[in-house]
Ligand code: NAD
Ligand code: TYD
């Protein structure tokens with residue numbers, strides 16, 4: 001790989017999801033000369049309304065399809081002369097992976113293998129000499145930490161949930177395609193993201209949504225589990241940085257240096273919304289309900305992100321104070337988005353926008 005690569009045509013998978021759509025919106029604004037093809041099957045988590053800012057951009061194309069569909073992936077790679085794949089598409093929710101693991105293995109393991117195999121053939125065709133493949137992964141592949149220590153890129157993989165096991169399987173296939181076939185690969189592992197367009201099944205948007213509606217706030221177990229939170233725009237910038245400057249075959253951890261116990265984050269969101277909703281101090285905290293713990297619930301995640309800072313110069317720019325306040329304000333200003341997501345009305349948008357195509 002060269003020191004700094006300027007992609008001309010990027011295949012983004014899962015670009016209608018939370019992080020993928022934030023990435024496309026950010027990346028297309030920052031790289032106006034680059035074509036972006038978004039391949040997304042539109043599961044419950046895919047929402048084209050996240051992409052209204054780019055949908056009429058002539059450099060943007062949406063394809064509704066499955067990453068497991070090898071001929072479709074091959075067609076896109078060849079027809080668009082794709083020189084980079086950024087692979088976000090996944091089943092992403094731990095609780096769903098406990099109630100139904102199969103789809104996680106299909107999408108996150110098999111889907112990754114199909115993309116890698118078609119990428120290998122495409123690169124070997126010589127159409128895109130600078131081709132690279134970027135796998136978006138998670139700190140959850142490293143398992144769980146005790147009260148001290150951090151995950152580094154050399155921490156052994158020790159996934160504990162079907163979700164994280166399927167992501168670890170994808171990451172190992174990425175490694176295998178690099179070692180065995182010489183495919184230029186990059187692999188990022190990021191901590192928990194937050195920000196706009198986050199599906200309200202995940203902790204922060206679920207709490208915001210339930211507080212607005214005065215519904216119970218389910219906190220799993222004792223609420224002392226720790227997560228590191230990164231604003232999705234900082235993640236998007238990190239992905240762009242690794243895509244352009246990362247070294248082939250390397251893994252890069254991405255983190256926010258921003259650890260929170262779940263109960264503290266829930267209390268914070270409650271208090272910020274007391275102010276904004278004109279409720280009396282402490283009122284929202286009364287909605288907190290401790291519920292049965294998630295099976296296999298990882299206790300603590302914490303990322304050592306020194307490598308990406310040292311080698312590529314990336315570090316987070318958001319403070320959590322600013323990021324969480326902006327996020328809460330975004331949800332308050334976009335209650336139609338949330339209502340459409342929770343009612344399922346967002347699914348009709350695809351038919352109106354793309355029906356027949
Ligand atoms: P998401 O669930 O919001 O979005 C996933 C997207 O993938 C959806 O648009 C869905 O329609 C699409 N998709 C699913 N199966 C597909 C298939 N077979 N073919 C094509 N598209 C398909 O997920 P997210 O939170 O945006 O996460 C994106 C990526 O980032 C995932 O790989 C996830 O593992 C990783 N990640 C997420 C976080 C986080 O905090 N959310 C943190 C670290 C890493
Ligand atoms: P989540 O947003 O599902 O992300 P992940 O499990 O991938 O880290 O959950 C974040 C943390 O919040 C995790 O420790 C589980 C916990 N949690 C709750 O306590 N209540 C909830 O309703 C949810 C969705 C999560």
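The values are calculated or read from the model by the stated rules, or taken from the named source; none is laboratory data. Fair warning: this is a prediction, and the values are worked out from it, not measured in the lab. Ideal geometry is used to build each Cβ from the backbone, glycine not excepted, and the neighbour counts take in all protein chains shown.
Could you tell me which of the residues 289, 319 is within 30 Å of residue 247 (Cβ to Cβ) and exposed (fewer than 13 other Cβ atoms within 10 Å of the Cβ)? Outline the logic, then answer.
Details: 289 fails: within 30 Å of residue 247 (Cβ to Cβ).
319 is the lone residue from the list that is within 30 Å of residue 247 (Cβ to Cβ) and exposed (fewer than 13 other Cβ atoms within 10 Å of the Cβ).
Condition first: in a helix (DSSP H, G or I), more than 15 Å from ligand 2 (Cβ to nearest atom), under 30 Å from residue 180 (Cα atoms) and touching a strand residue (DSSP E or B) at 6+ places or on another chain (Cβ under 9 Å). Can you find one or more residues in the stretch 230-238 that meet it? Among the residues of the stretch 230-238, at least one is in a helix (DSSP H, G or I), more than 15 Å from ligand 2 (Cβ to nearest atom), under 30 Å from residue 180 (Cα atoms) and touching a strand residue (DSSP E or B) at 6+ places or on another chain (Cβ under 9 Å), which makes the answer yes.
In the stretch 77-108, the residue that is surrounded by the fewest Cβ atoms within 10 Å (Cβ to Cβ) out of those that are touching a helix residue (DSSP H, G or I) at 6+ places or on another chain (Cβ under 6 Å) and assigned to a loop (DSSP other than H, G, I, E, B) is 101. Here residue 132 meets the list (1) over 24 Å from residue 237 (Cβ atoms); (2) in contact with a helix residue (DSSP H, G or I) (Cβ under 8 Å, 6 or more places away or on another chain) almost entirely, failing just condition (1). The sole residue among 285, 276 that is within 16 Å of ligand 2 (Cβ to nearest atom), assigned to a helix (DSSP H, G or I), at pLDDT 95 or above and over 24 Å from the mean Cα position of the chain (by Cα) is 285. State all residues of the stretch 152-202 that are assigned to a helix (DSSP H, G or I) and in contact with a strand residue (DSSP E or B) (Cβ under 9 Å, 6 or more places away or on another chain); if no residue qualifies, say none. Result: 163, 164, 167, 168, 170, 171, 173, 174, 175, 177, 178. Residue 144 falls short on exactly one of the conditions (1) in a helix (DSSP H, G or I); (2) touching a residue at least 12 places away in the same chain (Cβ under 8 Å); (3) more than 14 Å from ligand 1 (Cβ to nearest atom), and that condition is (1). In summary, residue 24 fulfils each of the numbered conditions (1) farther than 23 Å from residue 166 by Cα; (2) in a helix (DSSP H, G or I); (3) touching a strand residue (DSSP E or B) at 6+ places or on another chain (Cβ under 8 Å); (4) in contact (Cβ under 8 Å) with a residue 40 or more places away in the chain with the single exception of condition (4). Within the bounds of the stretch 292-309, is there any residue that is on the phi > 0 side of the Ramachandran plot, more than 21 Å from the chain's Cα centre (by Cα) and surrounded by 12 or more Cβ atoms within 10 Å (Cβ to Cβ)? The answer is yes, given that some residue of the stretch 292-309 is on the phi > 0 side of the Ramachandran plot, more than 21 Å from the chain's Cα centre (by Cα) and surrounded by 12 or more Cβ atoms within 10 Å (Cβ to Cβ).
When restricted to residues that are in contact with a helix residue (DSSP H, G or I) (Cβ under 6 Å, 6 or more places away or on another chain), at positive phi and surrounded by fewer than 21 Cβ atoms within 10 Å (Cβ to Cβ), the stretch 181-210 contains 0.
Looking at 249, 221, which is the one that is within 12 Å of ligand 2 (Cβ to nearest atom), in contact with a strand residue (DSSP E or B) (Cβ under 9 Å, 6 or more places away or on another chain), at positive phi and at pLDDT 95 or above? Of the residues listed, the single one that is within 12 Å of ligand 2 (Cβ to nearest atom), in contact with a strand residue (DSSP E or B) (Cβ under 9 Å, 6 or more places away or on another chain), at positive phi and at pLDDT 95 or above is 221. Restricting attention to the stretch 127-141 and to residues that are without any contact (Cβ under 8 Å) to a residue 60 or more places away in the chain and over 19 Å from residue 70 (Cα atoms), the residue that is surrounded by the most Cβ atoms within 10 Å (Cβ to Cβ) turns out to be 141.
I'd like to verify a number: residues in the stretch 1-15 that are farther than 21 Å from residue 93 by Cα and touching a strand residue (DSSP E or B) at 6+ places or on another chain (Cβ under 9 Å), how many? Steps first, please.
Filtering the stretch 1-15 down to residues farther than 21 Å from residue 93 by Cα leaves 1-11.
Imposing the further condition that a residue be touching a strand residue (DSSP E or B) at 6+ places or on another chain (Cβ under 9 Å) reduces the set to 1, 5, 7-11.
So the answer is 7.
Taking the conditions (1) out of contact with any strand residue (DSSP E or B) (no Cβ under 6 Å at 6 or more places or on another chain); (2) crowded, with 19+ Cβ neighbours inside 10 Å; (3) within 21 Å of residue 81 (Cα to Cα) in turn, residue 18 satisfies each one other than (3). Of all the numbered requirements in (1) surrounded by fewer than 22 Cβ atoms within 10 Å (Cβ to Cβ); (2) within 12 Å of ligand 1 (Cβ to nearest atom); (3) under 17 Å from the mean Cα position of the chain (by Cα), residue 111 misses one, and that requirement is (1).
Since residue 39 meets every condition but one in (1) more than 15 Å from ligand 1 (Cβ to nearest atom); (2) crowded, with 24+ Cβ neighbours inside 10 Å, which condition does it not meet? Only one criterion in (1) more than 15 Å from ligand 1 (Cβ to nearest atom); (2) crowded, with 24+ Cβ neighbours inside 10 Å is unmet by residue 39, namely (1). Output yes when any residue across the stretch 51-59 is modelled with pLDDT of 95 or more, assigned to a loop (DSSP other than H, G, I, E, B), more than 16 Å from ligand 2 (Cβ to nearest atom) and within 26 Å of residue 246 (Cα to Cα), and no when none is. Scanning the stretch 51-59, I find at least one residue that is modelled with pLDDT of 95 or more, assigned to a loop (DSSP other than H, G, I, E, B), more than 16 Å from ligand 2 (Cβ to nearest atom) and within 26 Å of residue 246 (Cα to Cα), so the answer is yes. Just to be sure before I move on: is residue 178 touching a residue at least 12 places away in the same chain (Cβ under 8 Å) and either closer than 21 Å to residue 262 by Cβ or in contact with a helix residue (DSSP H, G or I) (Cβ under 7 Å, 6 or more places away or on another chain) (or both) in the structure I sent? No; evaluated as a whole, the condition is false for this residue.
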